[in-house]
Amino acid sequence: MYHTIEFDAALTLDLEISHKHPLERVSVIKGTRLRVQLRPHVLETDAGPVEAADLFFEDGTASRAVPFASFSFVD
């Protein structure tokens, strides 16, 4: 299921185009809305647990471990 999310801050994402290609860095500006599928999980950091999600975009690309604090749901 796809959800529309809006980024709450400017962010640089590492975008996976294919497992055969290196990651591509993409800058996302605050207010950008995208449709994504999410796979939520928790990351253990030095500051404690952080809720994050792997984002799968409609064009077939993906970005891993994006903190939930950096985006919100629109729909």
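Things worth noting here:
- Taken about its Cα centre, the chain carries a charge dipole of about 160 debye when Lys and Arg each add +1 at the Cβ and Asp and Glu each add -1 at the Cβ.
- Neighbour count of at most 13 Cβ within 10 Å plus DSSP loop: longest trypsin sites (Lys or Arg not before Pro)-free window in the chain: 31-75
- Spin-label model, residue 24 to residue 2: label points 7 Å out along the Cα-to-beta-carbon direction sit 1.8 nm apart.
- Listed from fewest to most Cβ neighbours within 10 Å, the set 29, 17 follows the order 29, 17.
- Simple spin-label estimate for residue 14 and residue 35 in nanometres, 7 Å along Cα-Cβ: 2.8 nm
- Relative to the globular-protein estimate of 2.2 N^0.38 Å, the Cα radius of gyration of the chain stands at 1.08.
Just so you know, all these numbers are worked out from the coordinates, no wet-lab data involved. Quick caveat: nothing in here was measured; it's all calculated off a predicted structure. Please note: Cβ atoms are built from the backbone with ideal geometry, for glycine as well, and neighbour counts cover all protein chains shown.
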